[in-house]
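Asker: Below you'll find the structure I mean.
The values are calculated or read from the model by the stated rules, or taken from the named source; none is laboratory data. Here the structure is a predicted model, which is why all the values come from computation and not from measurement. Backbone-built Cβ (ideal geometry, glycine too); neighbour counts: all protein chains shown. Keep in mind that these areas ignore ligands, DNA and RNA; they rest on the heavy atoms of the full protein, side chains included. Shrake-Rupley method; radii C 1.70, N 1.55, O 1.52, S 1.80 Å.
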Amino acid sequence: RTVKAARVKMLTNLTKRLNDLIWPDGAPREAWVDPTEEELHKARQEEIQAAADLRDKLAAAIPASLASLVGSSAADDAVVKLHDLLLCPVQLRSLAYTLFDLILVELFPELELTVGGLDHLVS
């Protein structure tokens, strides 16, 4: 009888957590309303401004010694390429999967044989 009560309590807790996940405020969310043209334009302008700010921050993060070593034009090109990489969902997903694979191999070395294609990342 206690095992059944424990299972019921566990299922109740899981159901409550699922409800909290789906309805954080205890009620269904409001229906989606399509944004107006003005809201879309404003959101696009904010995206463009955020991308420009990101590029400026990346450029400011390059140490002056590195910029003088490789040249300012090469440093600017590197900033543009890094910026494009950070804005590309496919590249970010690939990077995330590669990092996830590396973490898995570090945590579970026995997976090293099954997770292939990482030889170039091992020093």
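Asker: Regarding the range 18-74, what are the three Cα extents along the principal axes, ordered largest first, in Å?
Answerer: 58, 33, 12
Asker: Would you mind getting the accessible area per residue of the chain, heavy atoms of the protein chains only, 1.4 Å probe, in Å²? Please list the in-between numbers first.
Answerer: Working: 11010 Å² over 123 residues.
The answer is 90 Å² per residue.
Asker: If exposed means no more than 10 neighbouring beta carbons inside 10 Å and the site is in a DSSP loop, what's the longest run of the chain without any exposed trypsin sites (Lys or Arg not before Pro)?
Answerer: Excluding the exposed sites themselves, the longest stretch runs over 30-123.
Asker: Heavy atoms only, probe 1.4 Å: what % of the accessible area of the chain goes to carbon and sulfur, would you let me know?
Answerer: 62 percent
Asker: What residue among Ile48, Ile62, Ile22 shows peak mean-square fluctuation when the chain is described by a Gaussian network model with Cα springs under 10 Å?
Answerer: Taking springs between Cα atoms under 10 Å, the residue moving most is Ile22.
Asker: Roughly what percent of Cα-Cα pairs across the chain reach past 24 Å?
Answerer: On the way: 5070 of 7503 pairs.
For the chain, the fraction of Cα-Cα distances above 24 Å is 68 percent.
Asker: Still on this structure: Using the Karplus equation 6.51 cos²θ - 1.76 cosθ + 1.60 (θ = phi - 60°), what ³J(HN,Hα) coupling, rounded to whole Hz, does each residue of the range 61-70 give in order, writing x for Gly and Pro?
Answerer: So the J values, rounded to whole Hz, are 7, 6, x, 4, 5, 5, 4, 6, 6, 8.
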